[in-house]
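A.B. asks: First, the structure itself, so that you have it in front of you.
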Amino acid sequence: MKKLSTFALFLIILLSVSCDPHMIYDQYVHTENGLWNWTDAREFEVDITDTTSLHNIYLQVRHSVDYPLSNLYMFVHVKGPGGQHMTDTVNLILAAPDGRWTGSGTGKLRELQLLYRSQTQFGKSGTYVFTLEQGMRKPELPVTDLGIRIEKANP
């Protein structure tokens, strides 16, 4: 019985320490076979209830060190609950001019987080749909995961 209560206490402490109180949404989706191609748009549905706070929105990419270029263009589409729609073209710099990867990681994978929008206030509560599309001239690239993170700004 004592082992069980010690384990339960350890689990509660671990869960409370690992939680990020400022994070609203943080989700990754995998690409098929570790390759992101032109026809493989990735969609994230985010339920927003807080329309008074400011938020930071991040784009997240995990890629192989076999990535053949130093950057990644992607198209970001955002559709709001009121039908509003916007599209951006974003250029993520994955490698410095000297060839060093800008993201973190070890082994064959690197992870990069880009601040896409800072101090953003959502106009309406409801579901926002973020769609990421590959915008490069190569039909497929060694990108293994794509993600969106939204957190409260200046908590």
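A.B. asks: Which FRET efficiency, nearest 0.05, do D40 and N154 yield, Cβ-Cβ r, R0 30 Å? Write down the numbers at each step before the final one.
C.D. replies: Details: r = 35 Å, r/R0 = 1.18.
Efficiency for this residue pair is about 0.25.
A.B. asks: Let me ask another. Positive end of the charge dipole of the chain (Lys, Arg +1 and Asp, Glu -1 on Cβ, about the Cα centre): tell me which of Y73, F130, A153 has its Cα farthest that way.
C.D. replies: A153
A.B. asks: Relative contact order for the range 13-155: what percent, with Cα pairs under 8 Å and sequence separation of 6 or more?
C.D. replies: On the way: 322 pairs, mean separation 67.5, N = 143.
Once normalised by length, the contact order is 47 percent.
A.B. asks: Here is a follow-up. Gain in length, F75 to T120, computed as 0.36 nm per residue apart minus the alpha-carbon separation, to one decimal in nm?
C.D. replies: Details: separation 45, 0.36 × 45 = 16.20 nm, distance 1.88 nm.
Additional length available on full extension: 14.3 nm.
A.B. asks: Still on this structure, I have one more. So what is the orientation-averaged projected area of the chain, using the convex hull of its C-alpha atoms, in nm²? Display every interim value, and only then the final one.
C.D. replies: Numbers: hull surface 49.5 nm².
Taking the Cα atoms of the chain, their convex hull projects to 12.4 nm² on average.
A.B. asks: Might you report the magnitude of the Cβ-based charge dipole of the chain about its Cα centre, with Lys and Arg at +1 and Asp and Glu at -1, to the nearest 20 debye?
C.D. replies: Values: 14 positive and 16 negative charges, 74 e Å.
Using only the charged Cβ atoms, the result is roughly 360 debye.
A.B. asks: Given points 7 Å out from each Cα along the Cα-Cβ axis, report the T102 to E32 separation in nanometres with one decimal.
C.D. replies: Calculated label separation equals 3.0 nm.
A.B. asks: Grab the chain and count how many Lys pairs have their alpha-carbon atoms under 29 Å apart, sequence gap of 8 or more, or different chains. Kindly include the intermediate steps, with their values, before the conclusion.
C.D. replies: Numbers: K79/K124; K79/K138; K79/K152; K108/K138; K124/K152.
Taking the chain as the scope, the lysine pair count is 5.
Here, each number is a calculation from the coordinates, and none is a lab measurement. For clarity, every value in this text was computed on a predicted model and none was experimentally measured. Note: ideal-geometry Cβ built from the backbone for every residue, glycine included; neighbour counts use all protein chains shown.
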